[in-house]
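Just so you know, all these numbers are worked out from the coordinates, no wet-lab data involved. The structure presented is a predicted model; accordingly, all values stated were derived computationally and were not measured.
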Amino acid sequence: MLTSEIIPDVIDRTPEIDAVVTYANDVKVNEGNELTLSQAKSAPTVQWNADPDKLYLLAMVDPDAASTSNTKSLQRQHWLVGNIPGCNIEKGDLLTEYNGPNPPQGAGFHRYVFLVYQQPEEITFTEPKLTKESRSERANFSIRKFAEKYNLGEPFAGNFFQAKKD
């Protein structure tokens, strides 16, 4: 993740392990590979080396939503699920419904970053739940500030891909 400036744009250090992110038709996310918008339009499966007795938070953010040349530490949130028991995302609390990549025409490649945090305990999240129709509320998000607010520390696992408008 260091080579694509995810550090320091999104997080402060490299996660310990890679999250295994797989879209339909066995399309895998692999440390910055390029995916098409159609390949990533539906929510992927995400796996990590989870302790089944611990809770996790999964985030997918686009740090290039404001501008690929000036990220200002703000991102667009594409997916946010908390209180995930082990790797069972379906049993977690859906905070932000999955919304696939959709960068503007001519904006070039955007980075889509998956981060997994191990939670210290079950969390009652105070943010409003966002649906696919919640467009403007997804902007100006900072996973760094969100992690600080809920005492999540640094991400445990991560991965990312790049996509642009065809």
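Taking 25 Å as the limit for the C-alpha separation, the pairs LYS54/LYS132; LYS54/LYS149; LYS28/LYS91; LYS41/LYS145 exceed it in the case of LYS54/LYS132; LYS41/LYS145.
Across region 93-105, rounded Karplus estimates of 3J(HN,Hα) from the backbone phi angles (6.51 cos²θ - 1.76 cosθ + 1.60, θ = phi - 60°) give 8, 6, 9, 9, 4, 4, 9, x, x, 7, x, x, 4 Hz, Gly and Pro being marked x. Available extension along the chain between LYS54 and ASN151 is 33.4 nm, counting 0.36 nm per residue and deducting the alpha carbon span.
Averaging the Cα positions of each part gives two centres, and for region 108-166 and region 7-36 these lie 13 Å apart. A helix-only calculation puts the chain at -1500 deg cm²/dmol for mean residue ellipticity at 222 nm, using -39500 (n - 2.57) for each DSSP H run of at least four residues, averaged over all residues.
Once divided by 2.2 N^0.38 Å, the Cα radius of gyration of the chain becomes 0.95.
Taking PRO63, PRO101, PRO128 in turn, the Gaussian network model of the chain (Cα-Cα springs below 10 Å) assigns the largest fluctuation to PRO128. Straight distance only, please: which aspartates and glutamates reach the Cα of LYS164 with their own Cα at less than 18 Å, same-chain residues fewer than 8 apart left out? Answer for LYS164, where 18 Å is the Cα cut-off: GLU5, GLU31, GLU34, ASP62, ASP64, listed by chain and number.
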